[in-house]
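Every number here is computed from the coordinates shown, using simple stated rules; none is lab data. Values in this document were obtained by computation on a predicted structure and should not be read as measured data. Here the Cβ positions follow ideal geometry from the backbone for every residue, glycine too, while neighbour counts run over all protein chains shown.
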Amino acid sequence: MATTHNYDVVIVGAGPAGMCAGMYAGRSMLKTVVLERGFPGGELLNTELIEDYPGFETILGHELAQKFADHAAKFGAEFQNGVVVECVQKRADGTFETRTESGDVYLSKTVIVTAGGTPIKLGVPGEIEYAGKGVSYCAICDGAFFRGHTIAVIGGGDAATEEADFLTRYAEKVYLIHRRGELRASKILQQRLFANPKVELIWNKTVDAVEGDTQGLVRNLKLRDVNTNETSELAATGMFVFVGFRPNTGIIDGHVEHDDMGYLLTDANMHTSIRGLFAAGDVRAQLTRQVTTAVGDATTAAIAAEKYLKALADGDPSEPIIGSGGYTV
Ligand code: NAP
């Protein structure tokens with residue numbers, strides 16, 4: 001049965017940012033709920049090994065996720081399963097109504113959006129048809145199905161570079177196909193990739209189409225050279241696509257300020273253009289998207305939300321609550 005719940009802070013999404021915001025909001029004795037459609041962890045659950053989170057030279061993604069969740073729960077943040085479908089500031093007093101698929105409504109004076117993003121698709125023929133039959137967006141979820149295979153990874157950023165390297169644990173051969181002549185990935189990831197004998201780089205090419213066999217599994221990729229327009233074929237039984245993320249902002253009131261890609265704009269305190277609505281992590285416009293930046297954002301967002309609530313309680317919601325410093329991109 002659909003229920004109405006009251007909280008001080010509703011956090012949408014239990015990735016690193018959501019769980020860290022939950023921890024800080026809980027520590028501030030705010031009644032806090034973190035809503036998540038699946039298991040807590042977000043992108044941590046799609047990453048085998050984290051090696052750039054200070055204090056942990058290496059830690060498994062799912063282990064770090066569990067530590068974050070336990071830590072937030074220890075300070076009183078509640079975790080609830082729910083697919084959020086809408087979050088709007090409807091009431092005259094600034095209360096947000098966050099609605100889940102099951103019809104539950106969460107009322108709160110502040111919301112912290114930490115909903116992350118969804119992998120961008122290539123949008124080429126065969127990609128959707130062969131999703132789960134050779135086409136994947138998650139190496140850690142699907143890598144083991146490609147033991148001994150020849151596969152392709154698409155993209156030139158940190159994700160593609162890191163995951164191409166990871167996939168050589170299973171695949172016999174990994175082609176990294178990039179649309180330009182240089183990677184945008186960080187140098188340490190590039191070095192590791194270039195040193196991996198199982199990886200071959202294919203520069204300046206894009207995928208035109210994914211083709212399968214009579215059993216409905218991927219067998220071949222049609223490629224195109226971006227400079228010469230020449231087409232070629234690559235025999236591969238898997239294609240992992242890592243060409244970036246699209247922020248999950250569809251649930252938010254359309255009037256919130258965002259950049260051209262849809263990432264939410266915030267001030268230095270993670271406050272969006274809607275008063276009481278904060279954003280942290282991959283959903284926010286910023287230079288880079290790391291676990292470290294997500295938890296930094298989230299710390300600021302939770303503390304700013306606490307100050308905002310205090311100002312509301314003190315009876316002066318019309319005045320700027322906290323320093324802004326303008327929106328950041
Ligand atoms: P990204 O940095 O935006 O890179 C996307 C890559 O895909 C780019 O190389 C881009 O090419 C290419 N691309 C985009 N659209 C394409 C298309 N239609 N066809 C072919 N190629 C296409 O995305 P990301 O790698 O997912 O990383 C997202 C954020 O997460 C970044 O801030 C990254 O630093 C962070 N991250 C960090 C780590 C880590 O540090 N271990 C791991 C994963 C992600 P161009 O280069 O030509 O634009």
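Remark: region 110-261 carries a charge dipole of roughly 440 debye about the Cα centre, counting +1 on each Lys and Arg Cβ and -1 on each Asp and Glu Cβ. For the peptides 1-13, 188-200, 112-124, residues were scored by their other Cβ atoms within 10 Å and the scores averaged per peptide; the highest-first order is 112-124, 1-13, 188-200. N81 sits among other residues whose Cβ lies under 9 Å from its own Cβ, and their net charge, with Lys and Arg +1 and Asp and Glu -1, is 0.
Report summary: the helix-based calculation at 222 nm, which adds -39500 (n - 2.57) for every DSSP H run with n ≥ 4 and divides by the residues of the chain, gives -6500 deg cm²/dmol. In the structure shown, the pairs K187/K307; K67/K310; K121/K307; K121/K310; K121/K198 are assessed against 31 Å; a Cα-Cα span above that value is assigned to K187/K307; K121/K307; K121/K310.
Looking at region 217-268, which GluC sites (Glu not before Pro) are in a loop (DSSP not H, G, I, E or B) and have at most 16 other Cβ atoms within 10 Å? Filter output for region 217-268: E230, E257. Multiplying each eigenvalue of the alpha-carbon gyration tensor of region 135-241 by 5 and taking the square root yields semi-axes of 20, 18, 10 Å, largest first, rounded to whole angstroms. Among the trypsin sites (Lys or Arg not before Pro) within region 20-60, those in coil by DSSP and having at most 16 neighbouring Cβ atoms inside 10 Å are K31, R37. Among the helices of the chain, those built from whole DSSP H runs whose Cα atoms reach 27 Å or more along their own axis and whose mean Kyte-Doolittle hydropathy is at least -1.0 are 291-313. Dipole of the chain computed with +1 at Lys/Arg Cβ and -1 at Asp/Glu Cβ about the Cα centre; of T228, T95, A304, farthest Cα towards the positive end is T228.
About its Cα centre, the dipole of the chain is roughly 160 debye, where the only charges are +1 on Lys and Arg Cβ and -1 on Asp and Glu Cβ.
Among residues other than K187 with Cβ under 15 Å from its Cβ, the summed charge is -4 (Lys and Arg +1, Asp and Glu -1). In region 129-261, taking the dipole from charged Cβ atoms about the Cα centre, the farthest positive-side position among V135, A164, G250 is held by A164.
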